[in-house]
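**Q** One structure, pasted below without further comment.
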């Protein structure tokens with residue numbers, strides 16, 4: 001019997017390596033067969049995705065981590081480590097390949113060989129490490145009915161998106177939103193066991209992402225367009241160097257890795273962004289749940305993850321650098337503040353920190369700065385208090401190393417990032433001057449609030465004010481409770497967490513008046529992974545105050561109303577942010593409820609029109625990209641072709657015809673900073689007008705992201721119409737004006 005137990009334990013500990021070898025072997029065989037019979041090429045996707053997304057990280061997690069007793073935690077670390085490994089491998093191959101004579105290092109054969117070497121090395125490392133076995137590979141599916149409901153939620157979301165895309169019907173999308181709201185309300189009932197909470201966090205998040213992104217025919221958003229353009233360049237050239245990728249090389253997880261995914265699996269690049277990125281980001285709410293549950297309890301953690309998921313920036317766009325970076329940020333915090341933080345190895349923190357740095361500089365610097373402030377504050381408090389020695393998990397060295405590593409990498413990879421960070425103090429000084437003497441700063445919370453004109457927009461602002469007040473109350477109560485524990489010579493339970501959250505909340509408050517090269521709504525989303533638990537805590541504190549001060553109100557409120565109050569608030573938030581409320585009112589503002597909505601989701605017709613323009617205008621492509629202005633290889637550089645359009649349409653050119661690789665210059669005829677329209681500003685070049693950016697409104701209050709019909713008519717009278725597909729009109733201008741832009 002003892003021998004049987006020993007054999008079973010050995011089999012468990014080697015199962016990760018066995019799965020890795022099996023997938024690697026299957027992938028290699030499929031690649032050889034597909035070279036002869038192309039029909040088998042689809043199997044590259046079947047074996048390639050788990051090989052890329054799971055195997056390398058699973059072996060590292062099995063060796064490095066000590067707190068992976070649940071499938072959810074194991075999956076989080078396995079996927080995060082896998083992405084880091086792939087990013088490092090692709091970067092190394094991209095930089096070293098040309099030096100050893102590989103002309104296209106980011107092509108299938110070099111990538112496959114490099115990945116095979118890494119997997120085999122990790123198998124050897126995993127077998128030699130005295131690592132804990134993964135005791136539970138399969139999640140608990142009981143109760144089965146709830147599990148089926150959660151698993152079907154993404155299907156309902158995809159079906160709703162298909163109905164909107166195919167027939168322009170929002171019925172399926174409405175059904176999905178209603179179903180999601182029902183699931184959220186059920187989470188507070190006795191029918192939902194706490195062990196299902198991580199599954200709720202994941203399936204709700206992935207469903208929201210799919211219902212939004214599958215409506216579009218490519219990536220949705222602004223910054224993601226430029227990242228897509230960089231990845232397309234890597235996919236086309238098979239190279240991943242600073243000269244080819246440009247500043248986007250500083251965030252290779254979202255600019256180079258997608259091209260490697262597409263190359264190795266055969267999945268179209270836009271589907272890598274839409275599907276793979278959605279899967280990766282859907283793990284972030286799960287991480288929020290695990291981190292919050294260790295400090296504040298299971299139900300508070302669930303509400304925190306749902307609050308994070310229902311914030312519109314968390315699902316409205318195709319996940320890009322900011323959203324994906326939060327996977328590494330939340331796991332880094334979980335590694336520092338988790339139950340078994342003492343057993344976390346420095347190599348684990350190094351991997352997660354590397355992933356964070358290679359994904360988004362904004363999240364990296366914000367998290368590192370907040371952790372540094374927290375570490376210094378707790379250290380100072382510990383030195384000041386004599387009666388109790390505060391147990392600390394966060395050392396000053398962790399954020400310092402993160403800051404040093406980030407600065408070193410960004411200095412090498414993109415001078416623009418470092419110069420942008422260095423310019424922030426001067427920007428703040430200039431913005432304070434504008435704020436005190438002229439008016440509001442564009443992109444701040446105050447600016448956003450004053451621009452809302454309809455009753456539903458204003459109600460949405462009121463809702464966010466209420467949510468933010470609850471965050472403030474919750475954070476203040478936790479800080480107070482911890483300081484009281486210290487005063488009573490007791491060990492504080494959540495002091496370090498609150499210490500990290502406090503500078504983040506101050507940063508959020510500052511964004512209401514100042515802009516740090518970020519929109520206020522992006523700042524809100526950036527701090528939510530840490531601040532989200534304080535929403536339900538703030539509600540409980542506020543409710544307790546009401547109960548104590550107004551006994552009659554407390555007596556009139558039954559237990560069910562108390563339990564469902566926070567889920568109802570979250571349901572209202574989802575109804576507003578998904579556009580459901582606006583659709584019911586007949587003013588749908590997103591393409592999930594109206595095919596004609598003007599947003600950052602571009603159709604295939606609109607993309608084809610840009611291709612037509614590039615051929616018609618003879619827009620040549622640069623051979624290389626240099627990060628330093630004026631350092632192009634070409635000595636006699638031809639002049640740039642100017643394209644005039646609105647601010648929304650300009651985002652399309654970042655992916656379809658990026659100026660980093662083509663001699664184009666997009667000039668905004670209308671934007672939030674210059675909302676007035678003047679046809680005389682059009683110089684020699686082309687005018688690009690999407691039908692969806694044209695409104696019939698003739699009022700002065702038309703959005704600067706839209707043209708009015710009279711404005712388009714004046715453009716057509718002054719310029720020749722070269723292209724009209726019904727979705728897009730392209731005009732040719734030969735004006736020889738010298739008006740300033």
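The values are calculated or read from the model by the stated rules, or taken from the named source; none is laboratory data. All figures in this text were calculated on a predicted structure; none of them were measured in a lab. Here Cβ is always computed from backbone atoms with ideal geometry, including for glycine, and neighbour counts include all displayed protein chains.
**Q** When you look at residue 245, is it at pLDDT below 95, outside any loop (DSSP other than H, G, I, E, B), outside the structural domain of residue 116 (by TED's automatic domain parsing) and within 18 Å of residue 109 (Cβ to Cβ), yes or no?
**A** Against the criterion (at pLDDT below 95, outside any loop (DSSP other than H, G, I, E, B), outside the structural domain of residue 116 (by TED's automatic domain parsing) and within 18 Å of residue 109 (Cβ to Cβ)), residue 245 does not qualify.
**Q** While we're here: Under the condition of being out of contact with any helix residue (DSSP H, G or I) (no Cβ under 7 Å at 6 or more places or on another chain) and touching a residue at least 60 places away in the same chain (Cβ under 8 Å), which residue from segment 382-395 is surrounded by the most Cβ atoms within 10 Å (Cβ to Cβ)?
**A** 391
**Q** Taking into account only those residues within segment 586-617 that are closer than 15 Å to residue 645 by Cβ and at pLDDT 85 or above, which is surrounded by the most Cβ atoms within 10 Å (Cβ to Cβ)? Step through it out loud before you land on a result.
**A** Residues of segment 586-617 that are closer than 15 Å to residue 645 by Cβ, as a first pass: 598, 600, 602, 606-607, 609-610, 612-614, 617.
From the residues that got through so far, the ones that are at pLDDT 85 or above too are 600, 602, 606-607, 609-610, 612-613.
Numbers: 600: 21, 602: 25, 606: 21, 607: 18, 609: 23, 610: 22, 612: 15, 613: 22.
Within segment 586-617, the match that is surrounded by the most Cβ atoms within 10 Å (Cβ to Cβ) is 602.
**Q** Right, next: Please determine, by comparing only the residues of segment 708-727 that are under 19 Å from residue 641 (Cα atoms) and in a strand (DSSP E or B), which one is modelled with the lowest pLDDT.
**A** If we take residues in segment 708-727 being under 19 Å from residue 641 (Cα atoms) and in a strand (DSSP E or B), then 720 is modelled with the lowest pLDDT.
**Q** Any idea how many residues of segment 189-214 are more than 14 Å from residue 283 (Cβ to Cβ) and surrounded by fewer than 24 Cβ atoms within 10 Å (Cβ to Cβ)?
**A** Qualifying residue count for the region: 10.
**Q** Read through the list (1) in a helix (DSSP H, G or I); (2) surrounded by 14 or more Cβ atoms within 10 Å (Cβ to Cβ); (3) at pLDDT 80 or above, then give the number of the only condition that residue 544 fails.
**A** Unmet condition: (2).
**Q** Name the residues in segment 479-521 that are over 18 Å from residue 390 (Cα atoms) and assigned to a loop (DSSP other than H, G, I, E, B), would you?
**A** Result: 511, 512, 513, 514, 515, 516, 517, 518, 519.
**Q** If only one of 658, 675 is closer than 30 Å to residue 240 by Cβ and assigned to a loop (DSSP other than H, G, I, E, B), which one is it?
**A** The match here is 658.
**Q** Something else now. Tell me which of these residue 226 doesn't satisfy, since it passes every other one: (1) touching a residue at least 24 places away in the same chain (Cβ under 8 Å); (2) under 19 Å from residue 303 (Cβ atoms).
**A** Against the list (1) touching a residue at least 24 places away in the same chain (Cβ under 8 Å); (2) under 19 Å from residue 303 (Cβ atoms), residue 226 comes up short only on (2).
**Q** Now for a different question. When you scan segment 306-313, do you find a residue that is over 22 Å from residue 181 (Cα atoms) and in contact with a helix residue (DSSP H, G or I) (Cβ under 8 Å, 6 or more places away or on another chain), even just one? First the steps, then the outcome.
**A** Start the filter on segment 306-313 by keeping residues that are over 22 Å from residue 181 (Cα atoms), which leaves none.
Checked segment 306-313: no residue is over 22 Å from residue 181 (Cα atoms) and in contact with a helix residue (DSSP H, G or I) (Cβ under 8 Å, 6 or more places away or on another chain).
**Q** Oh, and also: For residue 272, which of the numbered conditions (1) farther than 25 Å from residue 95 by Cα; (2) under 17 Å from the mean Cα position of the chain (by Cα) fails to hold?
**A** (1)
**Q** Report yes if residue 653 is in contact with a strand residue (DSSP E or B) (Cβ under 6 Å, 6 or more places away or on another chain), assigned to a loop (DSSP other than H, G, I, E, B) and either at pLDDT 85 or above or surrounded by 14 or more Cβ atoms within 10 Å (Cβ to Cβ) (or both), otherwise no. Steps first, answer last, please.
**A** On the way: in contact with a strand residue (DSSP E or B) (Cβ under 6 Å, 6 or more places away or on another chain): yes; assigned to a loop (DSSP other than H, G, I, E, B): no; either at pLDDT 85 or above or surrounded by 14 or more Cβ atoms within 10 Å (Cβ to Cβ) (or both): yes.
Here the answer is no, as residue 653 does not meet what is asked.
**Q** Still on this model: Restricting attention to helices (runs of 4 or more DSSP H) lying wholly within segment 396-462, give those where 3 or more residues are surrounded by fewer than 17 Cβ atoms within 10 Å (Cβ to Cβ). If you could, list the steps in order and put the result at the bottom.
**A** Numbers: elements: 397-413, 415-422, 424-437, 445-450.
In segment 396-462, the matching helices (runs of 4 or more DSSP H) lie at 397-413, 415-422, 424-437.
**Q** Okay, moving on. Mind checking which residues of segment 215-232 are more than 16 Å from the chain's Cα centre (by Cα) and modelled with pLDDT of 90 or more?
**A** Within segment 215-232, 215, 229, 230, 231, 232 meet the criteria.
**Q** May I pose another question? What residue, of 201, 240, is in contact (Cβ under 8 Å) with a residue 12 or more places away in the chain, part of a loop (DSSP other than H, G, I, E, B) and touching a helix residue (DSSP H, G or I) at 6+ places or on another chain (Cβ under 7 Å)?
**A** Numbers: 201 fails: part of a loop (DSSP other than H, G, I, E, B).
Among 201, 240, only 240 is in contact (Cβ under 8 Å) with a residue 12 or more places away in the chain, part of a loop (DSSP other than H, G, I, E, B) and touching a helix residue (DSSP H, G or I) at 6+ places or on another chain (Cβ under 7 Å).
**Q** While we're looking at this one, here's another question. Return yes or no: is residue 416 in contact (Cβ under 8 Å) with a residue 60 or more places away in the chain, touching a helix residue (DSSP H, G or I) at 6+ places or on another chain (Cβ under 6 Å) and under 24 Å from residue 516 (Cα atoms)? Give the derivation first.
**A** Details: in contact (Cβ under 8 Å) with a residue 60 or more places away in the chain: yes; touching a helix residue (DSSP H, G or I) at 6+ places or on another chain (Cβ under 6 Å): yes; under 24 Å from residue 516 (Cα atoms): yes.
Yes: the conditions hold for residue 416.
**Q** Given the conditions (1) surrounded by fewer than 17 Cβ atoms within 10 Å (Cβ to Cβ); (2) under 21 Å from residue 321 (Cβ atoms), and given that residue 103 satisfies all but one, which numbered condition is not satisfied?
**A** The one condition residue 103 does not meet is (2).
**Q** Another one. If you scan segment 695-707, which residues turn out to be at pLDDT 80 or above and surrounded by fewer than 17 Cβ atoms within 10 Å (Cβ to Cβ)?
**A** The answer is none; no residue qualifies.
**Q** From (1) crowded, with 23+ Cβ neighbours inside 10 Å; (2) on the phi > 0 side of the Ramachandran plot, pick out the condition that doesn't hold for residue 319.
**A** Every condition holds for residue 319 apart from (2).
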